[in-house]
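Before any comments, here is the structure.
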Amino acid sequence: MIEVERLRKDYGMAHALKGISFRVQRGEVIGFLGPNGAGKSTTMKILTCFLLPTSGRATVDGFDVVEHSLKVRSRIGYLPESTPLYGEMRVDDYLRFCAEIRGVPILKRGVAIDRAVELCGLRRVTGKNIVELSKGYRQRVGLAQAIVHEPEVLILDEPTSGLDPNQIIEVRHLIERLGQEHTVILSTHYLQEVEKSASRVIVIHQGEIVADDTRDNLVASMPASVITVHVRAPLEALQRQFHELLPGRKVVIETLADDSLRLRVEVGTGTAPLEESIARLVVKNNWSLLELLRERPSLEDVFRKLTMPPTAANNDAAAAGTGEVARA
Amino acid sequence: MREISVIFRRELKSYFLSPIAYVFGVLFLGVLLYLATQRQIVDGQQASMQAFFGLLPVVFLFFLPGLTMRLWAEERRSGTIELLMTFPVRIGHLISGKFFAALAFLAVLLLFTIGLPVTLATYGSLDWAPVLGAYVASLLLAGAYLAVGMFWSSLTRDQIVALLLSLVSLLLLYAFGFPVVAEWIAGFLPTWAVDLLGGISPYKYFESIARGVFDTRDIVYYLCFCGFFLHANALVLNNRRLKG
């Protein structure tokens with residue numbers, strides 16, 4: 001449905017996109033992740049024909065964004081980053097304007113507007129001026145204008161930024177529903193958003209794609225998960241026993257205020273469950289086990305690993321990798 | 001055509017929805033009618049609208065930039081231009097829709113001045129043909145001014161900057177049409193430049209049409225003038241797509 005090949009965009013001396021390539025199949029929901037200024041919005045603006053690429057190619061449904069811009073634009077519904085709307089217009093007038101300009105035939109217009117109003121939960125505010133609406137409702141109007149002509153592709157630039165947690169959940173549900181009928185590309189800072197709805201995640205950083213995979217694969221690519229053991233036990237015995245149980249593993253031990261100990265053991269994601277042998281060890285020594293848990297890497301960890309400046313990421317790794325006993 | 005009409009209707013409606021339009025309209029008509037009645041309009045037995053139409057180039061000069069300043073600047077400031085330009089509509093159609101909406105709003109205002117010739121016709125004998133011709137000429141002149149104002153509006157996201165730039169450029173264009181100014185700039189500019197600047201001044205072409213003399217050259221001039229600035233407007237918008 002969407003093909004992007006070696007797409008570059010320079011703003012003067014700055015290179016916003018350094019030749020990215022990706023493909024999106026019909027019906028996919030793609031999450032675009034990346035820190036601010038990574039190039040997410042630029043990519044979306046090129047796909048929607050708002051900006052022209054410096055070089056490279058992008059096609060939507062086989063039509064080039066430069067040469068067949070009108071055909072591309074008629075296949076796309078777009079929600080720009082800050083949800084720009086004509087504040088002085090009424091919601092229903094605005095949606096009618098969007099349907100008309102997008103060429104929805106006059107006989108289908110009423111039904112199309114009704115459907116968008118219904119899907120986005122705008123029934124109560126159709127008679128209000130857009131300027132009077134709360135941010136959540138404005139966002140819904142923005143989504144409604146993007147879907148009123150039933151486009152094949154939806155491009156949503158940070159559809160939940162600036163909303164409160166309840167509104168975020170509402171909009172996320174809405175996007176999930178839209179994802180069932182449309183091909184969707186959405187960009188976001190909120191990782192939970194793509195954890196749930198996106199079938200694939202593209203992480204973009206400093207104008208380059210640093211990861212393009214399913215959510216699960218991305219998480220599995222993280223080298224390690226961490227097992228935390230919180231026990232009350234003599235320090236030396238515990239250290240000795242754990243070295244015997246897990247030879248060669250990094251174990252960070254920390255003494256807490258109430259004299260209990262917290263151990264952090266890094267294990268590969270694929271390794272056999274260690275929880276059982278750890279529990280057995282604790283019971284055998286008659287220590288008291290306060291907590292035993294495995295922290296799985298989240299998309300957030302993947303994101304941090306891929307987009308942190310290399311020095312900061314190294315420090316992080318170094319801090320996690322010390323095998324020494326730290327006393328709090 | 002459908003696209004032009006959709007944009008046209010939205011823009012025109014937004015003129016009538018904004019309170020500024022009403023303030024603008026009242027001021028425009030007030031100033032225009034006050035100045036027109038101050039001048040002698042009944043000369044013996046022959047009523048004439050010449051005094052009224054003679055005022056238009058100057059009154060337009062100060063008021064029309066106010067009509068065009070928001071056309072693109074506001075879209076850019078609020079970001080709605082991003083939606084507008086991603087609709088499946090050609091840039092030329094967007095520009096035409098906005099341009100004709102501004103012109104239509106002005107035409108509505110001018111319609112309110114029809115009371116003046118009607119009054120004249122009641123009290124004296126008025127030759128309607130040149131009056132109607134002059135109204136058409138006023139629209140041509142207004143179109144030229146609006147095209148300039150809209151061009152400036154596309155270059156900035158600040159309405160006030162757009163207003164001032166159009167005001168200054170229209171003042172200059174207007175001034176070049178006067179022999180006094182032409183003589184003055186002839187002191188430091190080559191003759192061809194003086195002729196060129198004098199030649200593009202919309203004021204010169206208005207005089208004869210406003211008297212009721214329709215010359216094809218004058219009409220062609222206005223169409224070219226509008227076309228030039230509307231095309232420049234499209235170039236600015238396209239260039240922005242390239243630069244981002």
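For residue A:163, the conditions (1) in contact (Cβ under 8 Å) with a residue 24 or more places away in the chain; (2) hydrophobic (A, V, I, L, M, F, W, C); (3) not in a loop (DSSP other than H, G, I, E, B) are fulfilled apart from (3).
Comparison of B:177, B:187 shows that the only residue that is farther than 22 Å from residue B:91 by Cα, over 16 Å from the mean Cα position of the chain (by Cα) and exposed (fewer than 14 other Cβ atoms within 10 Å of the Cβ) is B:187. For the stretch A:75-92, residues that are part of a helix (DSSP H, G or I) and crowded, with 19+ Cβ neighbours inside 10 Å total 1.
The conditions of being closer than 18 Å to residue B:53 by Cβ and either outside any loop (DSSP other than H, G, I, E, B) or within 14 Å of chain A (Cβ to nearest Cβ) (or both) are not met by residue B:199.
Scanning the stretch A:62-97 for residues that are farther than 11 Å from residue A:145 by Cα, facing chain B (nearest Cβ under 8 Å) and aromatic (Phe, Trp, Tyr) yields a single hit, A:86. Residues that are buried (at least 17 other Cβ atoms within 10 Å of the Cβ), facing another protein chain (nearest Cβ under 10 Å) and farther than 20 Å from residue A:307 by Cα: does the stretch A:24-38 have at least one? For the stretch A:24-38, residues buried (at least 17 other Cβ atoms within 10 Å of the Cβ), facing another protein chain (nearest Cβ under 10 Å) and farther than 20 Å from residue A:307 by Cα: absent. If only residues of the stretch A:119-135 that are away from chain B (no Cβ under 14 Å), outside any loop (DSSP other than H, G, I, E, B) and of a type outside the set (A, V, I, L, M, F, W, C) are counted, the one that is surrounded by the most Cβ atoms within 10 Å (Cβ to Cβ) is A:135. Scanning the stretch B:223-231 turns up one or more residues that are within 20 Å of the chain's Cα centre (by Cα), under 30 Å from residue A:47 (Cβ atoms), modelled with pLDDT of 80 or more and surrounded by fewer than 17 Cβ atoms within 10 Å (Cβ to Cβ).
Considering only residues in the stretch A:98-118 that are facing another protein chain (nearest Cβ under 10 Å) and not in a helix (DSSP H, G or I), the one that is surrounded by the most Cβ atoms within 10 Å (Cβ to Cβ) turns out to be A:102. Per the listing A:71, A:45, the residue uniquely touching a strand residue (DSSP E or B) at 6+ places or on another chain (Cβ under 8 Å) and part of a helix (DSSP H, G or I) is A:71.
Annotation: residue B:113 fulfils all but one of (1) of a type in the set (S, T, N, Q); (2) over 22 Å from residue B:3 (Cα atoms); (3) surrounded by fewer than 19 Cβ atoms within 10 Å (Cβ to Cβ); the unmet one is (3). You will find that of A:7, A:95, the residue that is free of Cβ contacts under 8 Å to residues at least 60 places away in the same chain and either polar (S, T, N, Q) or outside any strand (DSSP E or B) (or both) is A:95 and no other.
Listed here are the residues, each with its yes/no results for (1) assigned by TED's automatic domain parsing to the domain that holds residue A:75; (2) assigned to a loop (DSSP other than H, G, I, E, B); (3) under 21 Å from residue A:50 (Cβ atoms); (4) touching a helix residue (DSSP H, G or I) at 6+ places or on another chain (Cβ under 8 Å).
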| residue | (1), (2), (3), (4) |
| --- | --- |
| A:137 | yes, no, no, yes |
| A:142 | yes, no, yes, no |
| A:156 | yes, no, yes, yes |
| A:167 | yes, no, no, yes |
| A:170 | yes, no, no, yes |
| A:181 | yes, yes, no, no |
| A:187 | yes, no, yes, yes |
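So which of A:264, A:294 is of a type outside the set (A, V, I, L, M), modelled with pLDDT of 80 or more and closer than 30 Å to residue A:189 by Cβ? Answer to the selection: A:264.
The values are calculated or read from the model by the stated rules, or taken from the named source; none is laboratory data. Just so it is clear, the model here is predicted, and its values are computed rather than measured. All Cβ positions, glycine included, derive from the backbone under ideal geometry; neighbour counts span all protein chains shown.
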